[in-house]
1. Being farther than 22 Å from residue 20 by Cβ and among the polar types (S, T, N, Q) is the filter; apply it to region 306-332 and report the residue that is farthest from ligand 2 (Cβ to nearest atom).
2. Can you say whether residue 361 is at pLDDT 95 or above, farther than 21 Å from residue 87 by Cβ and in contact with a Gly (Cβ under 9 Å, 6 or more places away or on another chain), as far as the supplied structure shows?
3. Out of region 254-300, which residues are farther than 26 Å from residue 192 by Cβ, in a helix (DSSP H, G or I) and more than 15 Å from ligand 2 (Cβ to nearest atom)?
4. Taking the criterion of being over 20 Å from residue 189 (Cα atoms), touching a helix residue (DSSP H, G or I) at 6+ places or on another chain (Cβ under 8 Å) and either crowded, with 20+ Cβ neighbours inside 10 Å or at pLDDT below 95 (or both), would at least one residue in region 215-222 satisfy it?
5. Quick one: which of 384, 324, 389 is in contact (Cβ under 8 Å) with a residue 60 or more places away in the chain, closer than 20 Å to residue 295 by Cα and acidic (Asp, Glu)?
6. Would you check which residues across region 301-348 are more than 16 Å from ligand 1 (Cβ to nearest atom), part of a loop (DSSP other than H, G, I, E, B) and within 22 Å of residue 125 (Cα to Cα) and list them?
7. Determine which member of the set 344, 336, 308 is β-branched (Val, Ile, Thr), more than 29 Å from residue 89 (Cα to Cα) and either in the same structural domain as residue 82 (by TED's automatic domain parsing) or modelled with pLDDT of 95 or more (or both).
Amino acid sequence: ISVSLKAFRSAFLDFIDDPFYASEADSVRYFSDGLLVLEDGKVKALGTYEDLHEIYADVSVTTYPDRLILPGFIDTHIHFPQTEMIAAFGEQLLTWLSKYTFPTEGKFKDKAYAQEIASFFLDELLKHGTTTALVFAAVYPQSVDAFFEEASRRHLRMIAGKVLMDRNAPDFLTDTPETAYAESKQLIEKWHKHDRLLYAITPRFAVTSSDEQLRLAGKLLAEFPDVYMHTHLSETVKEVALVASLFPESDGYLDVYDRAGLVGSKSVFAHGIHLTEAEFQRLSEAQAAIAFCPTSNLFLGSGLFNLTKAKSADTPIKVGLGTDVGGGTSFSMLETASEAYKVTQLRGENLSSFQALFLATLGGARALSLEDTLGNFEPGKEADFIVLDPRATPLMARRNATASATSLAELADQAFATIILGDDRAVHATYVMGELAYKNKAYEPVAA
Ligand code: GUN
Ligand code: ZN
């Protein structure tokens with residue numbers, strides 16, 4: 001009867017609370033045979049097939065047997081202009097930036113090139129099951145236009161911004177405090193809340209911005225308090241020392257941003273590996289977020305993020321996972337979760353599969369202040385979701401003997417193996433606002 005409704009039948013996993021603080025029973029929601037009902041691209045209901053199928057008997061159902069449906073992955077830190085320079089050999093952060101990153105980002109002055117890479121980048125995200133990301137563009141406003149035009153065409157919820165940098169970078173990549181302010185303001189007026197798009201004021205990091213540029217960025221944030229602030233923080237020991245020498249009057253790295261008015265609840269800081277106790281406290285009190293980027297931190301040799309400290313009950317900080325491509329080495333949030341697990345192992349701790357998947361979904365949504373909009377299957381939320389195949393490869397099929405778990409313990413084990421062994425091959429389909437946006441070529445859903 002109702003043509004605006006549609007439904008999906010499969011196994012479903014999402015989170016209704018944070019498994020770092022709440023028990024698994026209170027935080028994990030799982031239906032081994034569930035029904036997800038959508039209306040106009042948003043969630044109307046999720047429950048067991050048995051409970052719901054008679055209520056929605058007239059609604060057409062797409063069935064995914066032996067699959068696991070999750071909310072779309074959320075990547076809380078990534079650089080679209082670095083797509084083509086992923087896997088650059090042999091350097092740590094500061095020399096990696098000057099040797100590889102800056103020359104590559106210079107190419108984004110060309111709008112057509114920026115458009116081509118933005119299109120490829122977004123297709124790559126969807127192929128890996130990522131439906132929302134917080135994205136660095138390049139210093140050129142046209143690189144932001146290119147990105148948002150391509151995101152808009154795909155109806156994606158994306159957050160991005162023009163990079164601000166006015167020193168310690170090649171001339172072809174620098175702006176000034178005034179142009180950075182004016183161009184960012186124009187981009188906010190053009191793109192913030194246009195379709196599903198949101199804007200982030202994006203100083204690259206304290207090393208490449210003058211005091212005056214940071215001050216004007218803070219002024220802009222005060223004028224538009226619902227836009228984001230996105231930057232890097234305390235990624236390497238050398239960088240922390242350089243910031244101390246560039247800002248001798250400040251009381252540490254975070255304080256450089258704080259004095260400029262850049263530390264608040266819409267602020268997202270990538271890395272935060274070398275933070276002091278006072279900085280953990282300040283981030284917690286400000287309700288700012290950290291993007292944990294393990295593949296990048298290992299690849300660039302930056303260090304091991306202290307996730308346990310960030311998630312401690314004393315100084316709880318909102319944490320999401322970031323791929324940080326091209327410092328990071330994969331677009332896959334499954335691979336990123338796998339490396340996050342290994343980072344915790346190197347610290348003598350461990351990350352459960354539910355904690356990892358929380359960080360990749362509802363935790364990311366909370367880090368981006370989007371928990372009222374997406375991140376799980378609560379009614380009214382935007383229906384961005386992915387269909388995973390826990391038995392996608394011959395090895396995964398051997399490891400995961402059955403596709404649908406019948407207990408939370410079995411699900412935890414199956415999810416763990418999917419994280420450790422999985423990548424884009426485990427993503428069978430990606431839906432955006434309830435519409436199919438990517439389909440793994442080897443796969444056809446069964447219409448019931
Ligand atoms: N710090 C400043 N710029 C960058 C960047 O592009 N990537 C990473 N990983 N860290 C940064
Ligand atoms: Zn980065």
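1. Narrowing region 306-332 to residues farther than 22 Å from residue 20 by Cβ: 325-332.
Remaining after also requiring among the polar types (S, T, N, Q): 329-330, 332.
Working: 329: 13, 330: 14, 332: 17 Å.
That would be 332.
2. yes
3. The answer is 255, 277, 278, 279, 280, 281, 282, 284, 285.
4. no
5. Checking each option against the conditions leaves just 324.
6. Listed by number, the list holds a single entry, 332.
7. Details: 344 fails: more than 29 Å from residue 89 (Cα to Cα); 336 fails: more than 29 Å from residue 89 (Cα to Cα).
Only one candidate qualifies: 308.
Quick grid of which residues meet (1) without any contact (Cβ under 8 Å) to a residue 24 or more places away in the chain; (2) hydroxyl-bearing (Ser, Thr, Tyr); (3) more than 15 Å from ligand 1 (Cβ to nearest atom):
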residue	(1), (2), (3)
208	no, yes, no
212	no, no, yes
227	no, no, yes
240	no, no, no
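The values are calculated or read from the model by the stated rules, or taken from the named source; none is laboratory data. Everything numeric in this text was worked out from a predicted model, so none of it was measured. FYI the Cβ positions are ideal-geometry reconstructions off the backbone, even for glycines, and counts take in every protein chain you see.
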